[in-house]
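J.: Got a structure for you, questions after.
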Amino acid sequence: MTRYLKLSAMAVALVGAGFALNGCETNDTLGRSQFLLVDDAALEQSALTAWQEQLKTAKISKDPVLNKRIQTVGARIAAASGLGATGWEYVLFQDDQPNAFVIPGKKVGINTGLFKVVMTDDQLAAVIGHETAHVLGKHAAERASQQMATQGVLGAAAGVTKGNVQKAISSYGGLGAQLGLLLPYSRKHESEADRIGVDLMAKAGYRPSAAVEVWQNMMAQNSGAPPEFMSTHPSDKTRIKDLQDYIAAKGYK
């Protein structure tokens, strides 16, 4: 049973101040500190439950060509991430929406519809690199911690985490409804994942400029409007420019 501790506004502020002191840690990948009430490991149990449910209810594509591409590119990006090449699971879902997501526990879902805008393995590496970057950035734990702090929900870490993750699944209509996590990422998270993803592409031997091509293809596919699942992302034009600037600054091709 999940237990919640209801506090007065003043108590929430005081307790929150304590967590701000004790719940911050520096993420060298991001080059900034993060406010973390929980970590990805604490989220994994509930995320795994949702993932298993997704595997049972969603249609999984057995397309041999697409699955081989995903597994091959995924393995190279995972190796480049420093998180270890083992333990990653990549599943291709039969869904026309150009979507991809990652959840705690190294579970990555990719829709067949993504291949309407992803034409090459370099472009696929941009997407998988972006998702892997969310894991490196600990964005799942940070977003969940922000949500918990905003709601003033404090208590036993495991219980609160489980309750919030399950609530998020219900609120957002299932695991695949949002990119990256059971809660929507912020634009800051998305921009960070873009930059880290480009670094992973380069390290894995893929062409970083393909990340720009993905968004150019996305714009063409959607007549300039971002797809629903990318609603928390920067606008396509801003994103393309930011990627171009970052790639140029790093000397990538």
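The values are calculated or read from the model by the stated rules, or taken from the named source; none is laboratory data. Because the structure is a prediction, the values reported are computed rather than measured. Cβ coordinates were reconstructed from backbone atoms using ideal geometry, including for glycine residues, and neighbour counts include every protein chain displayed. When the accessible area is computed, the model is the full protein with side chains, heavy atoms only, and any ligands, DNA or RNA have been set aside. Shrake-Rupley method; radii C 1.70, N 1.55, O 1.52, S 1.80 Å.
J.: Skipping prolines and chain starts, which residues have an amide H placed within reach, meaning under 5 Å, of the one on N27, given they are 5 or more residues away or on another chain?
T.: Those lying under 5 Å, H to H, from N27 are R32, S33, Q34.
J.: Which order do you get for R207, R239 if you rank them by accessible area with a 1.4 Å probe, largest at the top? Mind showing how you got there, number by number?
T.: Values: R207 85, R239 5 Å².
Result of the area sort, largest leading: R207, R239.
J.: Then there is this: Taking 7 Å along the Cα-to-C-beta vector as the label spot, tell me the E25-D245 distance in nanometres, rounded to one decimal.
T.: Inter-label distance under the simple model: 3.1 nm.
J.: Just read off the accessible area of D95 with the full protein assembly in place, 1.4 Å probe, to the nearest 10 Å².
T.: Accessible surface of D95 is approximately 60 Å².
J.: Once the piece of chain linking A79 and K59 is laid out straight, how much longer is it, given 0.36 nm per residue of separation minus the C-alpha distance between them?
T.: Using 0.36 nm per residue and subtracting the Cα-Cα distance, I get 4.4 nm.
J.: To continue, here is another question. Starting at the first residue of region 100-106, write each ³J(HN,Hα) from the Karplus equation 6.51 cos²θ - 1.76 cosθ + 1.60 with θ = phi - 60°, in whole Hz, x for Gly and Pro.
T.: Couplings: 8, 7, 9, 10, x, x, 6 Hz.
J.: Taking only the alpha carbons of region 37-88, what extent do you get along each of the three principal axes, in Å, biggest first?
T.: 40, 32, 14
J.: Further question: Heavy-atom accessible area per residue, region 51-95, 1.4 Å probe: how many Å²?
T.: Numbers: 2500 Å² over 45 residues.
In whole numbers, region 51-95 has 56 Å² accessible per residue.
J.: While we're here: Heavy atoms only, 1.4 Å probe, whole protein assembly: order T112, T57, T132 by accessible area, highest first.
T.: Putting T112, T57, T132 in descending order of accessible area: T57, T112, T132.
J.: At 0.36 nm per residue, and after removing the present C-alpha to C-alpha distance, how many nm does the segment from A220 to E89 gain when stretched out fully? Let's see the in-between values first.
T.: Values: separation 131, 0.36 × 131 = 47.16 nm, distance 3.03 nm.
Using 0.36 nm per residue and subtracting the Cα-Cα distance, I get 44.1 nm.
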